Amino acid sequence: MTSVSLGMPAGPPPVLAPRRKTRQFQVGSVGVGSESPISVQSMTTTKTHDINATLQQIAELTAAGCDIVRVACPTDKDAEALSIIAMKSQIPVIADIHFQPKYVFAAIEAGCGAVRVNPGNIRQFDDQVKEIAQAAKDHGTSIRIGVNAGSLDRRLLQKYGKATPEALVESAVWEASLFEEHGFHDFKISVKHNDPVIMVRAYELLAERGDWPLHLGVTEAGPAFQGTIKSATAFGALLSKGIGDTIRVSLSAPPVEEVKVGNQILESLNLRPRKLDIVSCPSCGRAQVDVYTLAEQVTEGLEGMKAPLRVAVMGCVVNGPGEARDADLGVASGNGKGQIFVKGEVIKTVPEDQIVETLIEEANRLADEMGLNDDENPASGSPVVSVS
């Protein structure tokens with residue numbers, strides 16, 4: 001009897017291009033660079049000095065698949081909270097610093113995995129690079145040089161007229177040279193813009209200038225729908241060329257949504273192992289069942305499942321049987337009924353109102369066989385973290 005694999009490819013999945021070769025360093029326990037998987041980042045929306053709330057949100061982000069988290073540090077109270085947050089967080093913490101260079105040193109001494117610095121708005125930043133580099137080296141802290149279109153050095157704005165790709169890259173390369181001049185190389189660079197076309201070109205130019213690891217981001221990307229489209233478009237253009245070592249999807253939405261989108265982008269490009277993959281048709285005049293509702297209910301019912309199953313929810317007899325047969329689990333629907341396929345074989349036909357529960361039951365059974373039962377998934381439920 002021929003065995004059929006359940007979502008597991010026989011070899012490494014194909015990618016559009018090999019990773020661009022970069023330097024390698026650590027952000028806490030997470031490797032960054034071409035020798036490490038591309039990591040997903042997000043940023044807390046809590047007041048950092050509210051330690052319990054911040055750790056709670058970090059736990060939720062961790063459960064959603066976040067690899068590295070950034071926290072804001074605009075005040076003395078926030079800086080004082082960093083040591084506890086860095087110690088208790090399950091994933092590396094990056095302190096986000098603007099305007100006040102003293103907080104860079106505070107974050108390094110607090111044990112943060114990295115510090116994000118924005119050279120365009122930290123007063124007299126260039127004059128303190130030597131001291132920052134030495135402190136970071138002494139504590140094993142990495143740096144992100146974060147150049148943003150909205151806070152570009154005014155001298156570069158005067159030179160280029162606006163935040164062009166060339167202006168963003170010139171700022172980044174200059175700051176990188178200052179750190180390298182002092183023997184510090186454990187840094188990554190971002191050159192963010194809200195326009196995906198400008199952002200993509202900036203990263204392409206930057207990738208040509210050096211072997212620095214690059215953090216991808218479309219800054220101020222917008223509400224969830226618009227921001228997802230912008231980020232997926234820009235990241236896809238760069239990642240498909242092997243450019244990018246860590247990503248953050250910036251959405252005007254809860255940060256867990258950023259993590260979900262970021263992971264999905266990487267999974268779609270085979271840059272992160274695929275988990276549950278729902279294949280469903282867009283529906284048309286041929287559909288004889290409510291495909292929209294079926295697909296939504298199956299997706300909701302299987303949310304959080306670890307098993308790398310491909311589940312096809314199809315609404316007519318044109319593509320339905322073929323897609324359902326190719327999937328690990330699927331349904332080909334018509335005339336108010338659904339043929340349930342498991343590993344390419346029809347196992348039963350059920351009424352439309354039983355399709356969802358049947359697919360969920362079969363998915364859980366397959367997950368059990370793979371030792372990846374959904375009950376063991378740490379993402380189900382909300383993690384609770386408190387500080388006594």
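Take the conditions (1) modelled with pLDDT under 90; (2) touching a Ser or Thr at 6+ places or on another chain (Cβ under 8 Å); (3) not in a strand (DSSP E or B); residue 355 misses just one of them, which is (1).
From the list 317, 298, 259, the lone residue that is modelled with pLDDT of 95 or more and not small (Gly, Ala, Ser) is 259.
Looking across region 191-219, the residues that are under 19 Å from the mean Cα position of the chain (by Cα), over 17 Å from residue 19 (Cβ atoms) and crowded, with 24+ Cβ neighbours inside 10 Å come down to 191, 192, 193, 199, 217, 218.
From the list 252, 240, 231, the lone residue that is farther than 24 Å from residue 94 by Cα and assigned by the TED database to the domain that holds residue 35 is 240. Looking across region 233-260 at every residue that is crowded, with 20+ Cβ neighbours inside 10 Å and aliphatic (A, V, I, L, M), the one that is farthest from residue 311 (Cα to Cα) is identified as 243.
Residues in region 123-154 that are buried (at least 19 other Cβ atoms within 10 Å of the Cβ) and either more than 27 Å from the chain's Cα centre (by Cα) or basic (Lys, Arg) (or both): 125, 129, 132, 133, 144, 153.
Screening region 58-160 for helices (runs of 4 or more DSSP H) wholly inside it with 2 or more residues that are closer than 28 Å to residue 37 by Cβ and among the hydrophobic types (A, V, I, L, M, F, W, C) returns the ranges 76-88, 102-109, 129-139. Among residues that are open to solvent by 30 Å² or more (accessible area, probe 1.4 Å), over 16 Å from residue 241 (Cα atoms) and either part of a loop (DSSP other than H, G, I, E, B) or in contact with a Lys or Arg (Cβ under 7 Å, 6 or more places away or on another chain) (or both), residue 12 is included. When region 35-57 is filtered for residues that are in a helix (DSSP H, G or I) and in contact with a strand residue (DSSP E or B) (Cβ under 8 Å, 6 or more places away or on another chain), only 54 remains. For region 56-80, what are the residues that are under 14 Å from residue 112 (Cβ atoms) and either free of Cβ contacts under 8 Å to residues at least 12 places away in the same chain or open to solvent by less than 40 Å² (accessible area, probe 1.4 Å) (or both)? If the condition is that a residue be under 14 Å from residue 112 (Cβ atoms) and either free of Cβ contacts under 8 Å to residues at least 12 places away in the same chain or open to solvent by less than 40 Å² (accessible area, probe 1.4 Å) (or both), then 58, 68, 69, 70, 71, 72, 73, 78, 79 are the ones that fit. Residue 157 satisfies every condition listed in (1) surrounded by fewer than 18 Cβ atoms within 10 Å (Cβ to Cβ); (2) in contact (Cβ under 8 Å) with a residue 40 or more places away in the chain except (2).
The values are calculated or read from the model by the stated rules, or taken from the named source; none is laboratory data. All values derive from a computational prediction rather than experimental measurement. Cβ: placed from backbone, ideal geometry, glycine included. Neighbour counts: every protein chain shown. Just so you know, the surface numbers come from the protein's heavy atoms only, side chains and all, with ligands and any DNA or RNA stripped out. Shrake-Rupley method; radii C 1.70, N 1.55, O 1.52, S 1.80 Å.
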